[in-house]
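Participant: Here it is, the structure in full.
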Ligand SMILES: [Zn+2]
C-alpha cells in the first residue's frame, strides 16, 4: 500500500476539509477556491472526493490539501500525517514517477550488469581453476562457487 492509500484509508475527506476550515451543511459547503454566495462544493462520502460545481475544482482529500496550501501531493500527505497524528511511516516518499521508457532502460541495464556479473564469475572461477579444462571439477571448485554465489552482488543480480 502506498502512503497515499494509507493516509486516505485512515481519514475521511469531510474530517480533513473541516479541519482546514471548510464549513459543511450536510455534504455541501462554500467553495474555498473561488468566491461564492451560494454553496456549490459537495463531497461524496462513498468516493471520498470533493467537487465544486462553481469553479470545477475537485479531487480527493490529498489533492484538496495540496491545492489549498499550494504544496505538492507528497507534502500534503506529510502534512495530513502530522496534523492528524496518524504516524503513517512508509517506504519511499521521495519516489519519482518514472516513465515506461525509463523502466525499459533500467531493465536493459540490469540485464547488462547481470551478464557482466556472470562473465566476471566465470572468469574468476576459470582463473582459479584452470584444471577444469581437463578434469572434473574439484571439491574446492564447488566450495569457491558456492561462496561466490552467496555474495551480495550475486544475490542482487539474481544469479
Ligand atoms: Zn469553487
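The values are calculated or read from the model by the stated rules, or taken from the named source; none is laboratory data. Treat the numbers as computed from the prediction; the structure is a model and nothing was measured. A quick note on method: Cβ atoms are made from the backbone with ideal geometry, for glycine too, and the neighbour counts reach across all protein chains shown.
Participant: Testing residue 115 on (1) at pLDDT 70 or above; (2) under 30 Å from residue 16 (Cα atoms), one condition comes back false. Which one is that?
Facilitator: Answer for residue 115: the failing condition is (2).
Participant: For residues that are without any contact (Cβ under 8 Å) to a residue 24 or more places away in the chain, in a loop (DSSP other than H, G, I, E, B) and crowded, with 18+ Cβ neighbours inside 10 Å, scanning just the range 15-38, find the one that is nearest to the ligand (Cβ to nearest atom).
Facilitator: Selected residue: 30.
Participant: Still on this structure: Go over the candidates 64, 50 one by one and state the one that is touching a residue at least 40 places away in the same chain (Cβ under 8 Å), under 29 Å from the mean Cα position of the chain (by Cα) and either in a helix (DSSP H, G or I) or within 16 Å of the ligand (Cβ to nearest atom) (or both).
Facilitator: 64
Participant: Can you tell me which residues in the range 67-90 are without any contact (Cβ under 8 Å) to a residue 60 or more places away in the chain and either in a loop (DSSP other than H, G, I, E, B) or within 13 Å of the ligand (Cβ to nearest atom) (or both)?
Facilitator: 67, 68, 70, 71, 72, 85, 87, 89
Participant: Please state which of the following conditions residue 3 fails to meet, knowing it meets all the rest: (1) touching a strand residue (DSSP E or B) at 6+ places or on another chain (Cβ under 7 Å); (2) away from the ligand (no atom under 12 Å from the Cβ).
Facilitator: All conditions are met except number (1).
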